[in-house]
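Comments concern the structure below.
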Amino acid sequence: MSIQLKINTLREELRQHNHNYYVLDNPTISDYDFDIKLKELQALEEAHPEFFDSNSPTVRVGGEVTKNFNTIVHKHRMYSLDNSYSLEDLQDWETRVKKQVDGVIEYVCELKYDGASINLTYQNGKLFNAVTRGDGFQGDEVTANIKTISSVPLQLKGAFPKTFEIRGEIILPFDGFNKMNEERVANGEDPYKNPRNTASGSLKLQDSAEVAKRPLDCLLYGLVGNNFTYKTHFESLDEARQMGFKVPVEAKLCSSIDAVFDFIKHWDKARHDLPYETDGVVVKVNNLQQQEELGFTAKAPRWAIAYKFKAEQVSTVLNTITYQVGRTGAITPVANLEPVELAGTVVKRASLHNADQIEKLDIRVDDTVFVEKGGEIIPKIIAVDFSQRPANSQPTQYITECPECGTALQREEGEAKHFCPNYNGCNPQIIGRIQHFISRKAMDIEGLGGETVALLVNADLITNYADLYALTKEQVLPLERMAEKSADNLIAGVEASKQIPFERVLFALGIRFVGETVAKTLAKHYKSIDALAFASVLDLEQVNEIGIRIAQSVVDFFSDPENQEIINRLKSSGLQLELSAEKLANQTDKLKGKIIVVSGVFHKVSRTELKKLIEDNGGKVSSSISSKTSFIVAGDNMGPSKKDKAEKLDIDLISENDFLKMLE
Ligand code: AMP
Ligand code: ZN
């Protein structure tokens, strides 16, 4: 088989598997086999850049960086939808529709997916661009980011017009949203508030590899263009499915407004079982001829209307307010409620966020409160029912001392939350920090779980993560549920973690705001913990992607004498506190201070390798040419607009070969 045929066959196969998995929810091979095929394709593409295809399944992993999103004028305006909040409103809408068109009217009911709207343009069956709604007339081009979403077809199947557009909603299903938040909390960051904002924020991330990590999905609801043959909206949905788009099957054809009411009544409850957020139902006139007769108002189609679900609300009594202390010492007040059923689950607790929120609501113990489940996953207290307030009620006094260790709480300028400054003596902080240290993405200590950490701390066997390395089998054996074998495993797991590379150790330390990516950046830049500990705020701020908040947090961490002592003990225990010799060997300062743009197709190394080479040698990769650009590594087929710009700004083009020579 020729290489080209092999590449095309793999692309076709992977496309089909992607479709089975992400659109049909019906995979036919294992994830493992899929990965093997993807890697095979990646290797072939790297070795044969002449067969490059910007819509190959390998682009799903991202990597392209967008500095400025281009503004694109929509060919067809993206209208908004009129809203209705009651069945009477809908009935009125039907009356208006019937006045304007003759004949039988059918409706299509769809769920109103709650995310960020997107317009996809396809040319010759390939995704050409993806543009946000913006103000309806023009939006931002976010194609590189959208390509990473696995359910968006990059290459269509079956029959399709040469050019057309399709609209849909980018959403973040609950599962993926929760996973992302678990990771954020593990990194000492605040969790995201709701899936919708997180989805729409994702579209404007500059690094598409970051977007690729987010489990986004794309649900389509409308073909646009005048070169189709179908006569009704319902048929168009099916046609879109045939081409490979993910069009939710909940969409239903209704022959009367009563059937529409039934659909709404059903989904008002059933929507709570869907894997993603919906905030209503969209009702559309099915017949396209009738749609055309109805036309548009200044702002929305007359042939469609949104029915908004009421966020379900209940009232219940606030029994107590308790305060939780997180790993970073942040205090979260929690409302403990008289259990009550809401949107299909029993609610017992709600977050009160911080002191300001309590003051704003003027919420007090024994108050009757209204609880709502809106876009947020955790139920929210909307308001107090003041008519029910007991006569002897007293305003809530926010705590001034840590509920766990009694230390006076602090609140920093600009921060919403109070926090307990007793970094090394407050139990939940100690336990949380050690749990983070041993977690999978950090030191990955096998044989030691979160509960055992709590047992060890409460038994006074450890008070920080350095103590783990002094633990003996005899010490841990008496613990609850600890047998000979599990004790051995624990000690062996701790021992094995001494081989974990420096960047992960740095992440494991649990320095506030130093997540996985920041830890990698810092490790690469400073190369050893000693150099990092020595860095000033100013120094740190010079590092790419490190802002004042992270810089200050790093300096604070290393200036604490107790932390210094802990680091010294980790060092004596033999942890990896500098980059390994092998990693260092590949790093130089040859490109220090250089800002380099990579453009075109390369033959000896892949684009990704090229970028890595630049970074390993101290240079910075930029995606756009500006007066700051030092030079451009130019491969074959460099875009004409880039060439023009380089010429105008008098920036050197360097060939792949010359560039590699530079590094020798
Ligand atoms: P609004 O933002 O309230 O004006 O509502 C209009 C938006 O609803 C559109 O821009 C779409 O992004 C979104 N939407 C969600 N689901 C659907 C659907 N099934 N049909 C049409 N629009 C939808
Ligand atoms: Zn405390």
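The values are calculated or read from the model by the stated rules, or taken from the named source; none is laboratory data. Everything numeric in this text was worked out from a predicted model, so none of it was measured. Backbone-built Cβ (ideal geometry, glycine too); neighbour counts: all protein chains shown.
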Breaking point among (1) at pLDDT below 90; (2) out of contact with any helix residue (DSSP H, G or I) (no Cβ under 7 Å at 6 or more places or on another chain), for G62: (2)
Where a residue in region 134-148 is touching a residue at least 12 places away in the same chain (Cβ under 8 Å) and its partner, wherever it lies, is outside any strand (DSSP E or B) and among the aromatic types (F, W, Y), with Cβ under 8 Å and at least six apart: G136/Y79; D140/F69; E141/F69; V142/F69
One residue from L461, L468, L456, L448 being away from ligand 2 (no atom under 16 Å from the Cβ), assigned to a loop (DSSP other than H, G, I, E, B) and either in the same structural domain as L575 (by TED's automatic domain parsing) or buried (at least 19 other Cβ atoms within 10 Å of the Cβ) (or both): L448
Whichever residue in region 225-276 is in a helix (DSSP H, G or I) and among the aromatic types (F, W, Y) and, among such residues, is surrounded by the fewest Cβ atoms within 10 Å (Cβ to Cβ): F261
Residue tally, condition buried (at least 22 other Cβ atoms within 10 Å of the Cβ), part of a strand (DSSP E or B) and in contact with a Pro (Cβ under 8 Å, 6 or more places away or on another chain), over region 99-146: 3
The listed residue being in contact with a Leu (Cβ under 9 Å, 6 or more places away or on another chain) and away from ligand 1 (no atom under 16 Å from the Cβ), out of P421, P390: P421
Some residue of region 309-332 being of a type in the set (A, V, I, L, M), within 26 Å of Y221 (Cα to Cα) and touching a residue at least 60 places away in the same chain (Cβ under 8 Å): yes
Criterion (modelled with pLDDT of 90 or more, small (G, A, S), within 22 Å of D279 (Cα to Cα) and in a strand (DSSP E or B)) met by exactly one of G222, G201: G222
Long-range neighbours under 9 Å by Cβ, at least six apart or interchain, first residue more than 12 Å from Y307 (Cα to Cα) within region 103-114, second among the basic types (K, R) and within 6 Å of ligand 1 (Cβ to nearest atom): none
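Residue by residue, here is whether (1) surrounded by fewer than 17 Cβ atoms within 10 Å (Cβ to Cβ); (2) at pLDDT 90 or above; (3) in contact with a Ser or Thr (Cβ under 8 Å, 6 or more places away or on another chain) holds:
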site	(1), (2), (3)
D560	yes, yes, no
N563	no, yes, no
L584	yes, no, no
Q587	yes, no, no
Among residues of region 278-287, those that are modelled with pLDDT of 95 or more and either among the charged types (D, E, K, R) or part of a helix (DSSP H, G or I) (or both), counted: 1
Candidate set from region 606-664 (those that are at pLDDT 80 or above and β-branched (V, I, T)); member that is farthest from A43 (Cα to Cα): I651
Every residue from region 405-418 that is within 9 Å of ligand 2 (Cβ to nearest atom) and either more than 21 Å from D460 (Cβ to Cβ) or assigned by TED's automatic domain parsing to the domain that holds I358 (or both): L409
Region 147-171, subset assigned to a loop (DSSP other than H, G, I, E, B) and within 16 Å of ligand 1 (Cβ to nearest atom), residue surrounded by the most Cβ atoms within 10 Å (Cβ to Cβ): V152
Residues (out of contact with any Lys or Arg (no Cβ under 7 Å at 6 or more places or on another chain) and buried (at least 18 other Cβ atoms within 10 Å of the Cβ)) located in region 40-57: E45, P49
Pairs where the first residue, in region 241-256, is on the phi > 0 side of the Ramachandran plot and the second is part of a helix (DSSP H, G or I), C-beta under 8 Å, 6+ apart: G244/H19; G244/V23
Any pair with Cβ under 9 angstrom, 6 or more apart, that starts in region 381-402 at a residue that is under 18 Å from T322 (Cα atoms) and ends at one that is among the aliphatic types (A, V, I, L, M) and loosely packed, with under 15 Cβ neighbours inside 10 Å: T400/A408; E401/A408; C402/A408
Subset of region 162-202 [within 27 Å of E239 (Cα to Cα), out of contact with any Gly (no Cβ under 6 Å at 6 or more places or on another chain) and either among the hydrophobic types (A, V, I, L, M, F, W, C) or within 16 Å of ligand 2 (Cβ to nearest atom) (or both)]: I166, L172
Conditions (1) over 22 Å from Q206 (Cα atoms); (2) buried (at least 18 other Cβ atoms within 10 Å of the Cβ); (3) in contact (Cβ under 8 Å) with a residue 60 or more places away in the chain; number of the one not met by R607: (1)
Inter-residue pairs, beta-carbon under 6 Å, first surrounded by 15 or more Cβ atoms within 10 Å (Cβ to Cβ) and in region 531-547, second among the basic types (K, R) and part of a helix (DSSP H, G or I), 6+ apart: none
Residues within region 341-375 that are more than 20 Å from E277 (Cβ to Cβ), among the aliphatic types (A, V, I, L, M) and buried (at least 17 other Cβ atoms within 10 Å of the Cβ), tallied: 6
Those residues of region 386-404 which are within 11 Å of ligand 2 (Cβ to nearest atom) and either in a helix (DSSP H, G or I) or surrounded by 16 or more Cβ atoms within 10 Å (Cβ to Cβ) (or both), in sequence order: C402, E404
Some residue of region 233-253 being touching an Asp or Glu at 6+ places or on another chain (Cβ under 6 Å), away from ligand 2 (no atom under 16 Å from the Cβ) and closer than 30 Å to A383 by Cα: no
Inter-residue pairs, beta-carbon under 8 Å, first closer than 19 Å to D658 by Cβ and of a type in the set (D, E) and in region 619-632, second at pLDDT 85 or above and part of a strand (DSSP E or B), 6+ apart: none
Residue in region 522-530 that is assigned to a loop (DSSP other than H, G, I, E, B) and of a type in the set (K, R) present: yes
Filter result for the condition that a residue is among the hydrophobic types (A, V, I, L, M, F, W, C), over 25 Å from V247 (Cα atoms) and not in a loop (DSSP other than H, G, I, E, B), over I305, I321: I321
Long-range neighbours under 7 Å by Cβ, at least six apart or interchain, first residue assigned by TED's automatic domain parsing to the domain that holds I170 and under 14 Å from I264 (Cβ atoms) within region 278-293, second of a type in the set (K, R) and at pLDDT 95 or above: T278/K112; D279/K112; G280/K112; V281/K112; V282/K112
Any hit, region 427-436, residues being assigned to a loop (DSSP other than H, G, I, E, B), of a type outside the set (D, E, K, R), surrounded by fewer than 21 Cβ atoms within 10 Å (Cβ to Cβ) and at pLDDT below 95: no
